[in-house]
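Here, each number is a calculation from the coordinates, and none is a lab measurement. Computed from a predicted structure; not experimentally measured. Note: ideal-geometry Cβ built from the backbone for every residue, glycine included; neighbour counts use all protein chains shown.
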Amino acid sequence: MKKQAILLCLTSLMLITSGCGGNAGESTAQAETKQKVVEAFTATKSAAAPDLTATGIIEAKRDVILSFGTSGKIGSINVEKGSQVAKGALLATIDPGYYQKAVEAAASQVKEAAERKAKTIKGASEETIAQKKLQLERLTKDRDKAIADHAQGEKLFAGGAISQSELDNLKLRKEQAIIDVNEGQVQLAQLLKSAEPDDLASADASYKQAASEAERAKKTLQDTKLVAPFAGTVVAVNQQEGELSNPGQEVIHLVDLAEMKISLDVSNDTIEQYKEGERVSIISDSGNKTSGTITFVSPMINDKTGKYQVEVTFSNDKKEWRGGMVATVEVPRKLNGFVVPLECVGVSQAGRYVLLIKNGQVVRQEVKVGQTIGNQLELVSGVQEGDQLINGGITYLVEGEKVVAKGAQ
């Protein structure tokens with residue numbers, strides 16, 4: 001009995017010892033091979049990316065408020081709301097009577113100034129010179145007679161035949177006659193010689209001033225008419241015939257609905273995606289769809305909105321689009337890198353980074369971020385085709401830590 005008891009105890013002890021030794025070796029092996037399981041995302045070039053979208057208000061590309069350039073009573077209004085007009089059509093007029101007379105008066109002044117200028121350049125006519133010579137001859141005869149009368153008067157005064165007063169009168173007539181002859185000679189000399197430069201300049205200045213006044217009068221007369229600057233639709237007539245209209249006062253509102261435009265406010269991070277001449281899609285709130293062209297991309301940011309203005313124009317031949325409608329513009333998006341989930345990208349003081357899985361370990365990689373596309377980011381540098389990025393929980397992982405992609409254990 002004693003031997004049996006001893007053998008049973010030894011057997012039990014060996015079994016216990018054997019069991020304990022086996023579990024310890026297995027635990028050590030598991031600790032050495034245990035890895036964190038992580039969600040992974042493989043970087044691949046996207047065949048297509050969702051379009052950029054921006055919303056704006058539709059308006060007519062050409063929209064103008066017409067006003068008279070001068071004041072007066074409205075003589076005629078030839079259109080009404082809804083009228084379709086051609087380019088150059090006469091829409092309204094101010095009574096032109098007063099301004100027509102001003103044009104005629106200015107034309108008369110131009111004619112007179114032109115005649116004076118021509119006369120100055122040419123000089124006096126032969127007839128005028130001949131008349132001046134005849135006048136000078138008469139003045140010379142009058143002078144000679146006055147000199148002779150004065151000489152005769154001196155003799156008579158010496159003999160006591162005439163008084164001192166009579167002699168003085170004879171002397172005055174002689175002196176005046178001499179002055180008249182001298183003036184006549186000067187005037188004849190001026191007629192015989194060519195015009196002075198100052199006279200020519202003065203005549204030319206007078207003509208130019210008259211011509212300028214005439215052009216101004218014509219312009220004012222033209223301002224009594226409202227002419228359509230383009231073909232379009234009259235959407236408002238704000239005055240009536242017989243009313244007084246002043247410069248700048250709104251008379252007719254004209255729009256061209258054949259071509260429309262949408263103004264968009266685009267943020268700094270996507271403005272490079274908008275290129276003049278690029279074709280885009282336009283969708284109304286009701287689902288109506290058409291295509292248009294980017295015709296303007298502002299080179300300067302708007303200080304008030306902090307965004308860039310972009311204009312898109314499109315045809316409206318069927319008149320399906322109206323001013324004031326809200327529409328969404330879809331612009332094909334261009335990618336320069338890899339699109340990854342937001343959860344793949346971390347932020348540090350140094351910038352943006354991702355955690356890659358390489359040889360079963362975590363590798364930190366700095367990256368440069370491009371566009372934000374919904375809940376995704378574009379990585380333009382730092383990542384290569386086929387790289388495996390840890391998707392989520394990257395703040396709980398450290399570089400060098402052993403990991404395995406989910407589904408790859």
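Expected output is a single nm value to one decimal: the length gained when fully extending between residue 138 and residue 98, i.e. 0.36 nm times separation in residues minus the C-alpha distance. What is it?
Between residue 138 and residue 98, full extension yields 9.3 nm more.
What number comes out for the charge environment of residue 398, summing +1 per Lys or Arg and -1 per Asp or Glu over other residues with Cβ under 11 Å away?
Net charge in that neighbourhood comes out at +1.
Let's see if you can work this out: charge +1 on each Lys and Arg Cβ, -1 on each Asp and Glu Cβ, no other charges. What is the dipole magnitude of segment 102-218 about its Cα centre, in debye to the nearest 20?
It works out to roughly 200 debye.
Check residue 231: other-chain or 5+ apart residues with amide H under 5 Å from its amide H, H built from backbone geometry?
87
What residues qualify as long-range amide H neighbours of residue 46, i.e. H under 5 Å apart, gap of 5 or more or another chain, H built at 1.01 Å from N?
For residue 46, the qualifying residues are 339.
Which trypsin sites (Lys or Arg not before Pro) does segment 337-406 hold that lie in a coil by DSSP with at most 11 other beta carbons within 10 Å? Each step should come with its number before you reach the end.
Details: sites: 352, 358, 364, 368, 402, 406; in loops: 406.
Here the sparse-neighbourhood loop sites are 406.
Please turn the phi angles of segment 277-293 into ³J(HN,Hα) values with the Karplus equation 6.51 cos²θ - 1.76 cosθ + 1.60 (θ = phi - 60°), one per residue in order, whole Hz, x for glycine and proline.
x, 6, 7, 9, 9, 10, 10, 7, 4, 7, x, 5, 10, 8, 10, x, 10
Would you mind checking which residues have amide H under 5 Å from residue 52's amide H? H placed 1.01 Å from N; only 5 or more apart, or other chain.
Answer set, sorted by chain and number: 331, 333.
Once you put a point 7 Å from the Cα of residue 57 and another 7 Å from the Cα of residue 303, both along the Cβ direction, what distance in nm separates them?
2.3
What does the charge count near residue 55 come to, summing +1 for each Lys or Arg and -1 for each Asp or Glu among other residues with Cβ under 12 Å from its Cβ? Mind showing how you got there, number by number?
Values: positive: none; negative: 265, 285, 330.
Around residue 55, the charge tally is -3.
What does the helix-only formula give at 222 nm for the chain: each DSSP H stretch with n ≥ 4 adding -39500 (n - 2.57), the total divided by the residues, and the result rounded to the nearest 500 deg cm²/dmol?
-13000 deg cm²/dmol
What's the angle, to the nearest 10 degrees (0 to 90), between helix 2-33's Cα axis and the longest principal axis of the chain?
Computed tilt is about 10 degrees.
What does the charge count near residue 164 come to, summing +1 for each Lys or Arg and -1 for each Asp or Glu among other residues with Cβ under 13 Å from its Cβ?
With Lys, Arg at +1 and Asp, Glu at -1, the neighbours total -2.
Can you work out the Karplus-derived ³J(HN,Hα) for every residue in segment 216-229? Use 6.51 cos²θ - 1.76 cosθ + 1.60 with θ = phi - 60°, whole Hz, and x for glycine or proline.
5, 5, 5, 5, 5, 5, 5, 5, 7, 10, 9, 10, 5, x
To the nearest 20 debye, what is the magnitude of the charge dipole of the chain about its Cα centre, counting +1 on the Cβ of each Lys and Arg and -1 on the Cβ of each Asp and Glu?
Using Cβ point charges on Lys, Arg, Asp and Glu, the chain gives about 1180 debye.
Pairing the Cα long axis of helix 126-158 with the longest principal axis of the chain, what angle in degrees results, from 0 to 90 and rounded to the nearest 10?
Roughly 40 degrees, rounded to the nearest 10.
If the limit is 23 Å between Cα atoms, which of 307/334; 132/208; 81/319 go over it? Let's see the in-between values first.
Working: 307/334 20 Å; 132/208 31 Å; 81/319 17 Å.
From the list (307/334; 132/208; 81/319), the Cα-Cα distance tops 23 Å for 132/208.
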